[in-house]
Structure formats: C-alpha cells, structure tokens
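Beneath this line is the structure, given in structure tokens, with notes to follow.
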Number of protein chains: 4
Amino acid sequence: MSHNTFGHLFRVTTFGESHGPTIGCVVDGCPPRIPITEPEIQLYLDKRRPGQSRFTTQRREPDAVRIVSGVMDGVTTGAPIGLLIDNVDQRSKDYGEIKDRYRPGHADFTYDAKYGIRDYRGGGRSSARETAMRVAAGAVARKVIPGVTIRGALVQLGPNGIDRANWSDAAIDENPFFCPDPKAAEAWETYLDEVRKRGSSCGAIVEVIADGVPAGWGAPLYGKLDAELASAFMSINAVKGVEIGEGMAAAALEGETNSDEMRTGQGTPAFLSNHAGGILGGISTGQRIVARFAVKPTSSILTLQRSVDRHGDEVDVRTKGRHDPCVGIRAVPVGEAMMAIVLADAFLRHRGQVGDGVGWPFPRSP
Amino acid sequence: MSHNTFGHLFRVTTFGESHGPTIGCVVDGCPPRIPITEPEIQLYLDKRRPGQSRFTTQRREPDAVRIVSGVMDGVTTGAPIGLLIDNVDQRSKDYGEIKDRYRPGHADFTYDAKYGIRDYRGGGRSSARETAMRVAAGAVARKVIPGVTIRGALVQLGPNGIDRANWSDAAIDENPFFCPDPKAAEAWETYLDEVRKRGSSCGAIVEVIADGVPAGWGAPLYGKLDAELASAFMSINAVKGVEIGEGMAAAALEGETNSDEMRTGQGTPAFLSNHAGGILGGISTGQRIVARFAVKPTSSILTLQRSVDRHGDEVDVRTKGRHDPCVGIRAVPVGEAMMAIVLADAFLRHRGQVGDGVGWPFPRSP
Amino acid sequence: MSHNTFGHLFRVTTFGESHGPTIGCVVDGCPPRIPITEPEIQLYLDKRRPGQSRFTTQRREPDAVRIVSGVMDGVTTGAPIGLLIDNVDQRSKDYGEIKDRYRPGHADFTYDAKYGIRDYRGGGRSSARETAMRVAAGAVARKVIPGVTIRGALVQLGPNGIDRANWSDAAIDENPFFCPDPKAAEAWETYLDEVRKRGSSCGAIVEVIADGVPAGWGAPLYGKLDAELASAFMSINAVKGVEIGEGMAAAALEGETNSDEMRTGQGTPAFLSNHAGGILGGISTGQRIVARFAVKPTSSILTLQRSVDRHGDEVDVRTKGRHDPCVGIRAVPVGEAMMAIVLADAFLRHRGQVGDGVGWPFPRSP
Amino acid sequence: MSHNTFGHLFRVTTFGESHGPTIGCVVDGCPPRIPITEPEIQLYLDKRRPGQSRFTTQRREPDAVRIVSGVMDGVTTGAPIGLLIDNVDQRSKDYGEIKDRYRPGHADFTYDAKYGIRDYRGGGRSSARETAMRVAAGAVARKVIPGVTIRGALVQLGPNGIDRANWSDAAIDENPFFCPDPKAAEAWETYLDEVRKRGSSCGAIVEVIADGVPAGWGAPLYGKLDAELASAFMSINAVKGVEIGEGMAAAALEGETNSDEMRTGQGTPAFLSNHAGGILGGISTGQRIVARFAVKPTSSILTLQRSVDRHGDEVDVRTKGRHDPCVGIRAVPVGEAMMAIVLADAFLRHRGQVGDGVGWPFPRSP
C-alpha cells in the first residue's frame, strides 16, 4: 500500500500537516556509508522556502531540517533516516472562517467526503507544506546517484512560454521563477505582479531534466521509469498533467518524425535526437531524461466564489490568508526532488535485480 | 515492488511474451461472490482484438480467454483469478532479421542494456500483446464497481482532433477508431489510409471517462487517484503524456477560470464545472472522472532508419511484419481497463480504511 | 519492500536509534474519526518502560510520546499519525570500548558485515529501544479493533514454566514479570535475582492472547494471519521461535487429539477445543487467538567472552552498561502491540476485500 | 499487499486450486541470463510428487511443469517467469459429501466465514496442492543463489525424534520420510504404517538448512531474514510453529550457554557454535542457517468427528478420499523451496541496497 509512502527499495514516508507542530519523513533503504549533512539538505529546502520574493507566500518558515536517525558521524548507516522540520509560522486563526466551508479547487470537500473529518487549518495534510519533506528526501536521493545531475525549470507561466533559444542554466537561479530564459523572466514579473494585485493566480509548467542516467534503469512493465515519474509528479499538489519527451504533442507526430535514430557512440549508442525523453519501454536509454508537469492555478483567490459548506448550505467563499499566486514556482524544487527519488529507487532496484556492470556492448550476453 | 504487478488490494500480475505459447495474468484480491464468466471477459478482449479493420495489425489472434482459478459455479471465490490466453498466430521468423538490430523507438536497445539479453521475437515482453491481459483483468475490475461506467474514445488521431459538439457515445462503436465524432471518423479514415500506404504511422490521444464514481475514492498523498491513473496510463506501451481534467492546458489558466464552483445538489455538492476532471487532492469529487493520454506513433515503419546492432556496428533498419499504423486505436480498450483496475483498487482500499457508508453530508462527523 | 515498515493497509514505519536524539514512527492507514490521545498511548508505553523494577535495565527513559500529526481535536483524521519520543538518558560513553568489538549474540558483527558501518552506541538501530515505537503504534492499533482484547503474559522464565491451573489475569500486572501465576512469580524472583547477581541472563516465553476476533480475518495464502503473526513476533529483538496454538508440540499429536470439533453456537460454531490457536487456513475461526514466542537470553553478560574486532583481531569482550537480565519480560507489551498491529491490518484488509457484514450463517451466499 | 504473492524483489505469485484445470505461478524479478530448464524444475517437483510411497496420498499427479514465459533459449530474460502445471487426477466427486460440511481442522469453515463461499473440491485454494508451485518457484530461486545449498529433512515424526549422532545427508533420499537417521526411518515405517491403518494421522517437524549464505543478507527491522523465514514457513499448510537455531528451547538457556563466541576465521569470523541458527539481528552471520517448523497431523482422518454444516446443523464428519497420513513428509521439499525463495529475495535486496562486495574485514569502511 502506498498512501503516504513513495518508492520501493529507496522509499520515502512522510507525515505532518500544514499547521501541526512538526512535519517529517523517513527515508528507508538508503545505502550505507554515504556522506550526508543537514546543510546539504538545507540547500535544497532553501530553494523551496517560502517568502523569498513577492511571488511566493509570505509565510515565514525557516524550514530548518534535523536529521534524527540513520546518520552517524556524517555518513548513512543503512538504518532509516528520520528527518524533522518544525513548523514555526502557522497562523491557524486565519482559517477559522473556512472551517466549515469548502474552498473551490481545494481538497476541502473531498477530504470531508472521504474521511468525514477534515483538518481545515491551512489545508491540513493536503497543503503543499508536505512538499518540504519531499525536497529533504530528494536531497538524500541525489547522494545515492552521484553521477546524475537533476535540474528543474519553469518553462511556462500562465499562458506565457519561454524561447528555448534563450535557455541559460545559469539564469534559472537568477530570477524568482526558476526561469531559464532571462527575457521571459522579465515579462513574467510584470505579468505575475498584475495577477497578484488582482488577487488572482495562474498555472505553470515545470520541466525537470536528469543528465547522467545510464541506460538500463526502470523495470517494466508496471515499474517503468516513466510510469513512476508520472505517479511521482502527479502526486504533487495541483498537478494535472505529466509529459515525457514529446509528451502530449507526440500524438500529432508521424513515425519518421518521432523516431530517435542511432549511430555508434562512446560505449553506448549515440542517439541523433531525443523525442522519447530518454526512456524507451520504461527503461532509460542513457540520454537526458526530460519530463514536464503542469500545475494548475492556485485555488486560493480573492474573488468571491460560489460554494457549499459541510452542513449542506450554499455559501460564498473568498480565500484570504497567505498564498502563492503561482504554486508552480515552488513546485520546481519539488519536481527535482521527485525525479531524484524515482531515479534513486530505480537505480537500487536495477542493481538488485541485475547487479553492477551490465551495459552496452554486452560481454556477458549468452 | 511492482515490476509486473499493478494495484494494491485489487492487484493484477501479468506474464507472457508476444511470441511465447501463452500469456496470462493473476487477479488477486477480487471480492468473493461476484458473478463473472469467460464471455463477459471476452467481450472486452474482442474490442481490443487485432485484425478487425485494415487500420490494425493483421495478426490473427482469437484471444480466447480461459478462467483457470478463483471462480466456481460462475462466481468469484476470493481466491486469485488465473486468466490464460494462448498465442496462436505468432510468426517468429518475421523477426529474424531484427534479432541483433535495435529498431529506433522500440525497447530493443534498452532491454539489452538492462538485461544483457532480449527476446526479439515480436518485441517479447515489451510488445503490446501483454495489454490483452490488462483488458481481461479490467473486465473483472468492472464487476467490482458495478455502479461505475467506463468509456474510452479516441479524441485525436495524428494532428486531427474531434469537434466535441459532435460527440456521440453511440458513434464510438460504429467506426474503426473508437471515435465519438462521426464526421471526424470519416476524415480519419482518409488520413490513416494515406499514412498506412506510405508505410508510416501516427500518434493519437485517448480519453477515458468514468461516470458513477462516488466522492471519496483515492488515498492521499502517494496513493492519489490521479497519481495512480497517471502511473496506469503511462505504463501502457508508447504512452508519453497523461492528463487529468484540463491537463497541460491548466497551466495557461487563471484561478477564476479554472475554479469549479459548487451549489447544493442531490446528496452531494453540484459542481458547476469540471476543470479538475473529477479529482481534488487525489480524491474523487463525485463528478465524472476525465483523463487522457497521448500515444506516440507506432515505431515500426517501413522507412529505412539509421541504427546500431548489438555488436556495436551501424546498421539501417526497416521494420516489416504486421503492425498497427496507429497503436493508439487499440489503446482505447486498454485505457478503459486500466481505469477500471485503478478504480476497483481505490474502492477496495477506501472501503478497507474508511468502511462503507461515509458520504456528504456527514452524519458520523464528530 | 518492508525494511522498516510493517503492515499493509494499517502500516507502521519506525525510525531512530538507541542513542539518537529521537525515535519515532508513522502509523499510516488508520481509519478516521477514532478518538486517540497521548495518555492512552502512554499507558502502554509505561508498561514497557525500563527501570520499573530491579529486573529491567536501569536506563531512565520517561518515554513521553508526542502525537505530531494525523490527530485533530482528539480524533484521527485519516492522515498519517506521526509519533515521537525523545531519548533522554542515553550514555554513549558507556559504549566506547565496544566500538570496534563484536559482542557475541548481538548484531554488532552482522550490521558491520552488511553495511560496512555500525552505530555502536547502545546497539544503534538493533537496540530494543525501537520497540517503544511498536508499543506506541500498537496502542493506536487497539483503537482500530475496539471489540478485541489483547493480553500478553510471561509463561516461562529461563527453565521455569507456570502452572496453568494458577492462571490469573489479575496477577499479570501485580508482579514485575507479567506472570499470570502468582506462585511462579515468587519463584522467578528468587531465580532471576540469582541470575542477575551472577551477571548472567536468561530467556523466556511470552504468550499473547486475543479475544473477540471474529471469524474471517487473515488473507490466504501469503497474508495468512498466522504467517503475519510469525513475521511480527520474529521481528522482535532476540526472538527465536514462534508458535500458534499447540505450536511445535503439534508435531507429536495424532489427528484425533489435535482436532477441534464443533457444535452449534451463538451465531458461530462452538468449537469444543482450540488446538489450532484460533486460526485455520490462515483465517481466524472466531475463537481466542493464542500465540507464543521464545526470547533468547540477553546477550549482554558480564562473563568474559571470546570474540573478534572489526580489524580482524581476536579480543575478549565483557559487556557492561545497563541491561535487562531477561529481555523477555519487557517483550510482553511489545508482543501485545505486534498482535494488535497484525489484527488491525487484517481487519482493514478484510473489510476492504470483503466488506462489512459477512459471517456465519451466510445469508449472502449464492 | 501480499495475499497470494510472496517476496519483494524476487517475488512469487501463485494461483490455482486443488481441482481446477491448472495451477500456476509467476516468478517476477528473477535476474536475467540465468540458465533454467523444465527438467531442472521438475527434479524438485518430483521430490514433492504424491503417490511415491504408501505414506503419501495416492492421488496420481505427474506435476509436469511448463515454462511459458521469461525464459528464452534456456536462459532467463528478466521478464516474469510463468510456470503452469495441469491437474490431471482430480476426483471432485469424492468431495460431494463434504460440500456443505465443515471438516474439523480444515479451512472449510473459515473460508466460508471469510468469503461466504467455499471451493469444497479437494480443499480448493486451501489445499496443499498449491505448494507444488512453491516448489517450482523454489527451483528457480536456487539458481539465483548458486553458492547456497539448501537441504530439508524430517527430524521428528509424530512423537518420534531422530538421533542426531546418526545424521547422514545421504540417508535423506533413501527412505520415504526424508529422514536423515536411517535407524529412525525404520522405526518410523512401523509407526506410520500403524497410524495409517487406523485411519489416523500424525504431525512432524521439518528442519531446513542452508549452507553457503554469506554474512549480510536480511534487512532489519521488518525485513529480517528470520522474520521472512517465519512468515514463509508459517504460510505452508498445517504449520503451527517455527524455530530459528535453538528456537523455543532458547528460552530455557542462560546467556553464557546461548552465546556464540567468535575467533578469527578465513575472511569472516569463525563462530565457535551456532545457537543463533546463523542469524543475528535479522542478518545472516555467514554460518549455516538452521530453521525448523512443526506440521500438525493431517486433519483428514477416518474417525467420525463432531461438526456443523453451513446451514447451521450439527453433523458428523468422516473424511474419506486420498490423503497423506503425515503431510509433514511432503512439506520437506516445500520448506526447502520457501527457504530458497526467502534467500534469493534477501540476496537481491541486499545487492540493491548495499551493492556487491561488502564483507568482513571492511576496506570500504569510513
């Protein structure tokens, strides 16, 4: 069962709510003797941390992570790694008025429908606050696959895309959007300021890229690398679509156009293109892995909306409080983390089933 | 671990290759005392069966399913249900020439890279032949959730979409494309004939709709209904993108537009729109569930393509044999089946964790 | 995968080491709207708490549990329940001298052999300290199955058994051994004092009984109730044997003697005996469930023992520090907890697969 | 979930009933490029095959296994291995009279209580017929761990034990009991003949030994090697107790006696004894692994027994048909198979989490 656990051999279990005292996670199955420190994890948490620009929620959470188990003298021991973050800036009183009201687009109604009870304080368990633990676990996952580099970027903000000709990795960390196109980032600033001032919100598309993944990771048929990525990304708050390589656009292509031809390379085939996004048959090809996911606009908006309450009465709801005008922005480090977790798990499972040293060409083939 | 198993409490394990003697699956966890017969399963297999029009592969497989366990006197017993289908029209000799060659877009290279060995006969385990077992298991899954109706349709073939104003459920079964728009179906016929004659192929988008799902199914955070659907659909051969509700287009929307407002309904809120596709916070809302997935163009095309072989030599590959010019078409019943399996599993898990009878409004709330 | 997670639909994940700052667990899948408070959990922790008599370790741990998630206003919400206990009386300096030495009977050597690293402080992850979290999780599990009563008792201490004719449930809590036979308890006091003063240790047998389990729980074939109990008990530190009903003694019986005949009862068959321990075919019979497990003598003894160190040198080891002369005593509440967890999980899975209301006689039978 | 699946990275799913047309299993996660043939599997099935002496059931089942997937040209491909055995000698009419009657000691009542329906034909799913698939899967598992030798033996038949001084491995295959003590085997023959002629039955104790397991397999805390063995053995029909090393007798020992001291050995510590049965802290020590399980007497006996039927009426039941007077005998190859499956799974998981090459002494230690 997988309610609050993700992964198999490298597996992450999270707990905690937006306005509880502490959120945490358990990273189980991490290989031993891997150096890992709190500052290394903090680095990634700081990328996701709110309140760093006017485009994210003003809730002030230092997100200071503590490693409480599984690490001794700075290296992992093979025991489960317990990670805890105390919540410090929850303001539950902000939420009193939506205690009984269902905010459109939120999980308020569905949690009540499922459980007959709902932690209304800041969204409770359904809050994106939980994603802090994903980022922390993702930092550990990266250490498990040291040859792999994972980077996320925002490639669309509301209706505004980027010009891929302008792509600059360096630019990603130089604007408040994780935008790789510096020109687009300027335009987005104007756009999102306008949206924010209107009390509205917008969606976004996040792209996550992994370089350095060797051929062979991912286990068909129901542990396919792309299926696990799809599950991982779709489990992030507000995500409504996931794409690998060409994604939905693959539908419009013909066989010749979509084909990734090969020529000989250095120890592995040199693919002449990457429409597949680095995954064929659920197994990595050795190319760059390219995935995207769409984040819907933040459901908390100032506009008065029609709704009902838990007593069955019709009410109008306006969501105040502190919110991100575009939750897609802070989803970038979360997407990176989920990619790292999926890949670390795929690596360990591959090593388990197949062992080290299989590759192309295949001296061990029969 | 989930290599060849899908689901948790209702779980399906498949085995078998394209050119082996038999393919099969085990449906475990199915509730007892559910009537199920071979003809009921056959009905769905016949929808997926190849060779029914010139637009699908000419391989002749009757796909006659046998129930070998778990059913007594026409009803399930609670024991695992074994389903077997014998392969009858495999022609392995067709594949001799691609024995050592990697067909671009196929999983040939990646299976070799992972396992150091590859069943080249008709794609072996990576063949879409396996999806017959998904359809069979899906037929059982439908019986577990009798109040739910699941229908799939092709909403885009290559670059050609449908006009939703023309949508007719009845039309879906009246053309070789599972196309709900009779006019589009005509145009598609011309288009695909042309593609087919060129020896090329095209992609497609499948939409799967579930009606009758009550509010409350799906278990956050990593067993979210949409995450499980994403994993299920992405595990289907050639799928590169998955969408729930607005899908990737949600990115371009603003909060007011994307919002699904509510008014009081009959025992459950009446949503005034369904941008969310029937899922909020990973839990069903009680609305129609709407999901889509994109299938890339069939990788087997007649055009000569550059590639390499398993010895590391550069070769040119042209894929002959019997193939679907658009694998997206036969993916429609497979998508329906995966939706059924996901929902049956979500239902059983929900009933396990929460029990029967929770709903809105909530008399059992504290 | 199940490294540090136990259970399926009701599942427990633990983390933390003997001498780390905090130990904790996540109880996932707990049904919603169940009242649970910290004092209720503390009650069971206090039974296991060390330092309550001269027969258990003198380490002073209040084992004060905090609920940090999953509970709101005193009832569960369906979200994962995070439970934390801070360690307060670890004295890691006691362990400096066994840092590189392998204590016979401990997991020192095997953790090093597996992981190439070992947390030597108080046994690290292999310490029975972790069982505190099992007890905490077990307290939650009990609330999931309110009709079920679970009691453990020590039925053998070293070579000394009890006289079952003297069995008194009340006596169990009136001596430092959880011994149901007051006379035996007196003799045990003398015996264990002598063992303790010699710096030695002894083994024990724990019996755990569950009353009120209805017929039908447990899922054959690999989720059999007895198989899950066996796994649960054997996962407790120092356990070397597990028995259901007659246990190992069943081997010596003949069919007529071992048989549990039936006559009609109140809504369920009245069994005339219970050699089976309440489980047939892996499914509960509706009778009392009876299980036992043997705990080996504490491996930490004052006698000088031959061993090796991690450098490969031969060394002699004497284990000082604070230890239980018989770890079997404090294993009683741990055994109860594992029984509760297994039953809660079996109940939820049964409800999921079969639904409420199945029983004997069977009005719903076909 | 684990209803009909055992194992994690090496995992076995079985299906089929005693009197259905076919029984089968899926072995998933088996590493690629392992040579395996039907005759190799058949070898082990023949050890378990009924009808080979007057001490086992006279049902004539050739148990001819077919590999239908996952193997190409005699080696595994990494795809799931489908194994099928057709039932040929089922005589369902023998069971008509127990259709509605609950045989004491059998799972008749509990299956009905759980599922509201029961396949009464030869015990249906609860029949030991399923263990044929365990033996087949175990044969594959052995190939995954080629350095490991697994042997089972019957060490007690009814009340009659063996004299361990007479132990002869060669003797095990030279009598109808898998008895390692030739003298005991003679006495058992007389004893069991007498039991059989009375229409009665007796229990037995099976010991399973694994040599060649390196130190380091097994993953604490809930994937402990001994916990997985306990679950594996207890899942076998009629098993009521499981022991590792000293087993239940460990309770009566004191610390000095139970201790396994160490001296330096060849690349690994040389243990001076093996009370632990080769497992410490849930991890293999590198010593011989020793486990035992008790099998209760066959519940099918000729003596008239008091019972009830599914209508709630009191009935008397005498079980005719073809039965083993001691099911413990044929449980020997089943026990070996479960040991092999547990070890193969532990090996793959260990390799996944830790990689190849960790051992004692530890050059890679920090």
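The values are calculated or read from the model by the stated rules, or taken from the named source; none is laboratory data. Note that the structure is predicted; figures quoted are calculated from it, not measured. As a convention, Cβ positions derive from the backbone with ideal geometry for all residues, glycine included, and neighbour counts pool all protein chains shown. Accessible surface areas use protein heavy atoms only, side chains included; no ligands, DNA or RNA. Shrake-Rupley method; radii C 1.70, N 1.55, O 1.52, S 1.80 Å.
If you take the beta carbon distance between C:Thr257 and D:Glu314 as r and set R0 to 35 Å, what does 1/(1 + (r/R0)^6) give as a FRET efficiency, to the nearest 0.05?
With R0 = 35 Å, the Cβ-Cβ based efficiency is 0.95.
Along Cα→Cβ at 7 Å, what distances in nm separate the B:Gly312 label point from those on the other copies, shortest first?
3.7, 7.5, 7.8
Summarise the partner chain shielding of B:27-40 as one whole number: the mean count of Cβ atoms from other chains within 10 Å of each residue's Cβ.
Working: counts 1, 12, 8, 1, 7, 13, 9, 1, 1, 0, 0, 0, 0, 0.
So the per-residue partner count for this stretch is 4.
With n ≥ 4 as the cut-off for DSSP H runs, can you work out [θ] at 222 nm for the protein assembly as shown, using -39500 (n - 2.57) per run divided by the number of residues, rounded to the nearest 500? Write out the running numbers ahead of the final one.
Details: 29 runs with 368 residues, N = 1464.
Result for the protein assembly as shown: -8000 deg cm²/dmol, rounded to the nearest 500.
Could you check which residue among C:Asp345, C:Asp112, C:Asp356 shows the biggest mean-square fluctuation in a GNM of chain C with a 10 Å Cα cutoff?
Of C:Asp345, C:Asp112, C:Asp356, the most mobile in the Gaussian network model is C:Asp356.
Give me the accessible area per residue for the stretch D:156-270, probe 1.4 Å, as a whole number in Å².
Numbers: 3700 Å² over 115 residues.
So the stretch D:156-270 comes to 32 Å² accessible per residue, rounded to a whole number.
Scan chain C for the residue whose Cβ is closest to the axis carrying it onto chain B, then write down that distance in whole angstrom.
Per the Cβ-to-axis criterion, the result reads C:Gly352, 1.
Filter the trypsin sites (Lys or Arg not before Pro) in the stretch D:37-94 down to the DSSP loop ones having no more than 13 other Cβ atoms within 10 Å, then list what survives.
D:Arg54, D:Arg60, D:Arg91
What is the dipole size for chain A, taken about its Cα centre, with +1 at each Lys and Arg Cβ and -1 at each Asp and Glu Cβ, in debye to the nearest 20?
Dipole magnitude for chain A comes out near 740 debye.
So what are the ³J(HN,Hα) numbers for the stretch D:41-47, from phi and the Karplus equation (6.51, -1.76, 1.60; θ = phi - 60°), rounded to whole Hz, Gly and Pro as x?
Once rounded to whole Hz, the list reads 6, 4, 3, 6, 4, 5, 5.
Rounded to the nearest 0.05, what FRET efficiency is calculated for A:Asp356 and D:Asp46 with R0 set to 56 Å and r the Cβ-Cβ distance?
Calculated value: 0.95.
Can you list residues whose amide H is under 5 Å from A:Ser201's amide H, if they're 5+ apart or on another chain and H is modeled 1.01 Å from N?
When sequence neighbours closer than 5 places are left aside, the close amide H contacts are B:Gly255, B:Glu256.
P(r) tail for the stretch B:189-239, what percent of Cα pairs lie past 14 Å?
69
What is the spin-label model distance, in nm, from D:Gln58 to A:Asp89 if the labels are put 7 Å beyond Cα along the C-beta direction?
Label-label distance for D:Gln58 and A:Asp89, simple model: 8.4 nm.
Once amide H atoms are built 1.01 Å from N in the peptide plane, which residues 5 or more positions from A:Thr5, or in another chain, come under 5 Å H to H?
B:Tyr222
Can you give the accessible area buried between chains D and A, summed over both chains, with a 1.4 Å probe, in Å² to the nearest 100?
That pair hides around 1600 Å² of surface in total.
Using amide H atoms built in the peptide plane, which far-off residues or other-chain residues are under 5 Å from C:Gln305 H to H?
C:Val317, C:Arg318
Accessible area drop of at least 10 Å² (1.4 Å probe, protein heavy atoms): which residues of the stretch A:181-217 qualify, relative to the chain alone?
A:Tyr191, A:Arg198, A:Ser200, A:Ser201, A:Gly203, A:Ile205, A:Ala215, A:Gly216
Calculate, axis by axis, the spread of Cα positions in the protein assembly as shown along the three principal axes, and write the results as whole Å, longest axis first.
Rounded to whole Å, the extents work out to 84, 65, 64 Å.
Please report the base-10 log of the normalised intensity I(q)/I(0) for the stretch D:107-151, using a Debye sum with one equal scatterer per alpha carbon and no solvent, at each q in 0.24, 0.25, 0.29 (1/Å).
-0.79, -0.83, -0.98
Which residues of the stretch A:269-283 end up with at least 40 Å² less accessible area in the presence of all protein chains than when their chain stands alone, using a 1.4 Å probe?
When all protein chains are present, A:Leu280, A:Ile283 each give up 40 Å² or more of accessible surface.
Within the stretch D:230-337, what whole-number % of the accessible surface is contributed by carbon and sulfur, with the 1.4 Å probe and all protein chains included in the calculation?
Of all accessible area on the stretch D:230-337, carbon and sulfur atoms account for 47 percent.
What are the distances, in nm and sorted shortest first, from the label point of D:Gln58 to the label points of the same position in each other copy, with each label point placed 7 Å from Cα along the Cα-to-Cβ direction?
In nanometres, ordered from closest: 5.8, 7.1, 9.0.
Assign one of three labels to the stretch D:1-145, namely rounded, prolate or oblate, based on the Cα gyration tensor with a ≥ b ≥ c the square roots of its eigenvalues; rounded applies when a/c is under 1.5, prolate when it is not and a/b is larger than b/c, and oblate otherwise.
prolate
Of the trypsin sites (Lys or Arg not before Pro) in the stretch B:95-154, which ones lie in a loop per DSSP and count no more than 15 other C-beta atoms within 10 Å? Write down the numbers at each step before the final one.
Working: sites: B:Lys99, B:Arg101, B:Lys114, B:Arg118, B:Arg121, B:Arg125, B:Arg129, B:Arg134, B:Arg142, B:Lys143, B:Arg151; in loops: B:Lys99, B:Arg118.
Passing both the DSSP loop test and the Cβ count: B:Lys99.
Beyond 18 Å between alpha-carbons counts as too far, so tell me which of A:Lys99/A:Lys240; A:Lys197/A:Lys320; B:Lys197/B:Lys320 fall in that bin.
Over 18 Å apart, Cα to Cα: A:Lys99/A:Lys240.
How fast does the stretch A:85-211 diffuse by Stokes-Einstein, in µm²/s, taking the Kirkwood radius from C-alpha pairs at 20 °C and 1.002 mPa s?
122
Just the number, please: carbon plus sulfur as a percent of the accessible area of the stretch B:11-157, 1.4 Å probe, no ligands or DNA/RNA counted.
Answer for the stretch B:11-157 is 51 percent, counting heavy atoms of protein chains only.
With each pseudo-label sitting 7 Å past Cα toward Cβ, what's the A:Thr37-A:Leu304 distance in nm, one decimal?
In this crude label model, A:Thr37 to A:Leu304 measures out at 5.6 nm.
Can you list, shortest first and in nm, the gaps between the label point of C:Asp211 and those of its counterparts in the other copies, using a point 7 Å from Cα in the C-beta direction?
5.1, 5.4, 6.9
Across peptide A:101-108, what mean number of C-beta atoms from other chains lies inside 10 Å of a residue's C-beta?
5
Using the C-alpha gyration tensor of chain A, what are the square roots of 5 times its eigenvalues, in whole angstrom, with the largest one first?
On the way: eigenvalues 252, 129, 73 Å².
Sorted largest first and rounded, they come to 35, 25, 19 Å.
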